[in-house]
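Heads up, the thing below is written out as structure tokens.
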Amino acid sequence: EKERLAFEKKMATQFETDKKAINDYAITKKWKVQRSPSGLSYIITKPGKGTNAKAGNTVTVHYEGMLLNEKIFDSSKGRAPFSFVLGEGKAIAGWEEGLGYFNKGSEGYLLIPSKYAYGATPLDDGKVQVPAFSVLIFKIQVVDIK
């Protein structure tokens, strides 16, 4: 019980740290980001057309993922765009929520606190390396929504 409470406290503190880091990053970029009730931040830099993506839609996106230091850790550049059904848990929670603010043809950024990305778990599959508790920034281009 004591360990669980200590972990929950650490996660809450990390979440506040992440939100401040996202805010500071947005200020350096001169972005007026929107923050969802969950704490996810996003900015639409190019509006699209139609309704926003919702659970059950197949969303196809080109993306570039980077850390706060702008080191790119993954990109669909030079590859086919990534397609998945929104709401089925096939992407990180930050994408599952954040893409609901985008529609077909829209472009922008998702600024994702670590708890909606990989959290305490570092990611290293030989090609992609993301340290534990990393805020992730994704440049998003929505190619299609079906």
Amide proton proximity set for residue 133, modelled H, under 5 Å, gap of 5+:
119, 120, 121
Under the Karplus relation with 6.51, -1.76 and 1.60 and θ = phi - 60°, whole-Hz ³J(HN,Hα) for segment 127-138, x at Gly and Pro, equal 10, 10, 10, 10, x, 4, 6, 8, 6, 10, 10, 10
Do me a favour and compute the ellipsoid semi-axes for segment 96-141 from its Cα gyration tensor, root of five times each eigenvalue, largest one first, whole Å.
23, 12, 8
Output the pairs from 77/104; 46/77; 46/127; 77/127 with a Cα-Cα distance over 21 Å in this structure; if there are none, say none.
46/127
GluC sites (Glu not before Pro) within segment 45-139: DSSP coil, no more than 15 neighbouring Cβ in 10 Å
70, 88
Given the rule -39500 (n - 2.57) for each run of at least 4 DSSP H residues, summed and divided by the residues of the chain, what is its mean residue ellipticity at 222 nm, to the nearest 500 deg cm²/dmol?
-8000 deg cm²/dmol
Tell me which aspartates and glutamates have Cα within less than 12 Å of residue 139's Cα, excluding those fewer than 8 residues away on the same chain?
64, 70, 74, 107
Among 84, 120, 52, the residue whose Cα sits farthest towards the positive end of the charge dipole of the chain, when +1 is placed on the Cβ of each Lys and Arg and -1 on the Cβ of each Asp and Glu, is 52
Of every hundred units of 1.4 Å-probe accessible area on the chain, the number belonging to carbon and sulfur atoms, as a percent, is 54
Site residue 31, offset 7 angstrom along Cα→Cβ, radius 14 Å on amide nitrogen, limited to segment 52-89, gives 63-72
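So for the chain, averaging the separation of alpha carbon pairs under 8 Å that are six or more residues apart and normalising by length, what relative contact order in percent results?
On the way: 283 pairs, mean separation 42.8, N = 146.
That works out to 29 percent.
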Solvent-accessible area per residue, Å², over segment 87-146 with all protein chains present [probe radius 1.4 Å]:
44
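Any idea what diffusion coefficient the chain gets from Stokes-Einstein, in µm²/s, Kirkwood Rh on alpha carbon pairs, 10 °C, 1.306 mPa s? Please report the intermediate quantities before stating the final value.
Working: Rh = 15.7 Å.
D = 101 µm²/s.
Over segment 1-67, average the accessible area per residue using a 1.4 Å probe and give it in Å², no decimals.
For segment 1-67, the per-residue accessible area is 67 Å².
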State, to one decimal in nm, how far the label point of residue 16 lies from the label point of residue 1, with both points 7 Å from Cα in the Cβ direction.
2.5
Quote the relative contact order of segment 79-146 in percent (integer), defining contacts as alpha-carbon pairs under 8 Å separated by 6+ residues.
33
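The values are calculated or read from the model by the stated rules, or taken from the named source; none is laboratory data. The structure presented is a predicted model; accordingly, all values stated were derived computationally and were not measured. Glycine also receives a Cβ, built like all others from the backbone with ideal geometry; neighbour counts cover every protein chain displayed. Only protein heavy atoms, including side chains, enter the accessible area calculation; ligands, DNA and RNA are left aside. Shrake-Rupley method; radii C 1.70, N 1.55, O 1.52, S 1.80 Å.
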